[in-house]
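**Q** For reference, the structure I am asking about is given below.
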Amino acid sequence: MTADALHAWIRIAFGDREFTVADFAETFPSPAPAKALHDLATRDFVEAVGRGRYRAVPAETRVQRIIVREEAAYGLPERSGLPYAYSEDTAVSIWTDGGYWTGFTRGFRPVHLQVRRKDVPSWRRFFRAVGARVTVEGARETLYGVVHVLHPVESMRAVRRGGVSVVPRAA
């Protein structure tokens, strides 16, 4: 059973009411109910409301928290210590001071980064370590949410604008 399915059954069993570890164990046979609840809390399916007391996180709240966490990924490249330049549609937004946004949908918000080809493995490790999604331009995969799209180049030129590194604006 997936955590999503267990979360759904917890919502059916307890609704918005608080429940204890004992309540959980009585309702869902488990060899380690406290550990199961701890794991669910770590993944934001339930929240601790006191010692040994929990409440299921409503689905809409859970969705909103995911979006907030993902949108925090917008400033990550600066923390990497690796050379980069925002590029493509992301650079357009930076150069227009947010006046022009393009290249995204309601379900996909790419952050385009030009990076040195030799640094791609380091970028992948960095984004995975901080829990952010990353792909390389042209990869065949389903993309959703905030995704850092790496555009590998042999060498790059970058300038600072608004505190971030961005490809130079075409003259």
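**Q** Among the numbered criteria (1) under 19 Å from Gly75 (Cα atoms); (2) within 22 Å of the chain's Cα centre (by Cα), which single criterion is violated by Thr105?
**A** Just one mismatch for Thr105, condition (1).
**Q** Write out, first by first residue and then by second, each pair whose Cβ atoms fall under 9 Å of each other, whose residues are 6+ apart or on separate chains, and whose first residue, in segment 49-75, is more than 30 Å from Tyr86 (Cβ to Cβ) and open to solvent by less than 80 Å² (accessible area, probe 1.4 Å) while the second is among the polar types (S, T, N, Q) and modelled with pLDDT of 90 or more.
**A** Here the result reads Gly52/Thr20; Tyr54/Thr20, each pair linking segment 49-75 to a residue that is among the polar types (S, T, N, Q) and modelled with pLDDT of 90 or more.
**Q** Within segment 23-34, is there a residue that is surrounded by fewer than 18 Cβ atoms within 10 Å (Cβ to Cβ) and at positive phi?
**A** no
**Q** Looking only at segment 117-154, filter to residues that are acidic (Asp, Glu) and not in a helix (DSSP H, G or I); which one of those is most open to solvent (accessible area, probe 1.4 Å)?
**A** If we take residues in segment 117-154 being acidic (Asp, Glu) and not in a helix (DSSP H, G or I), then Glu154 is most open to solvent (accessible area, probe 1.4 Å).
**Q** Step by step: first the residues of segment 5-21, then only those that are in a helix (DSSP H, G or I) and in contact (Cβ under 8 Å) with a residue 24 or more places away in the chain, then the one that is most open to solvent (accessible area, probe 1.4 Å). Which residue is that?
**A** Here the answer is Arg11.
The values are calculated or read from the model by the stated rules, or taken from the named source; none is laboratory data. Computed from a predicted structure; not experimentally measured. Virtual Cβ from ideal backbone geometry, glycine too; neighbours counted across all protein chains shown. Each accessible area value is taken on the protein alone, full model and side chains, heavy atoms only, with ligands, DNA and RNA left out. Shrake-Rupley method; radii C 1.70, N 1.55, O 1.52, S 1.80 Å.
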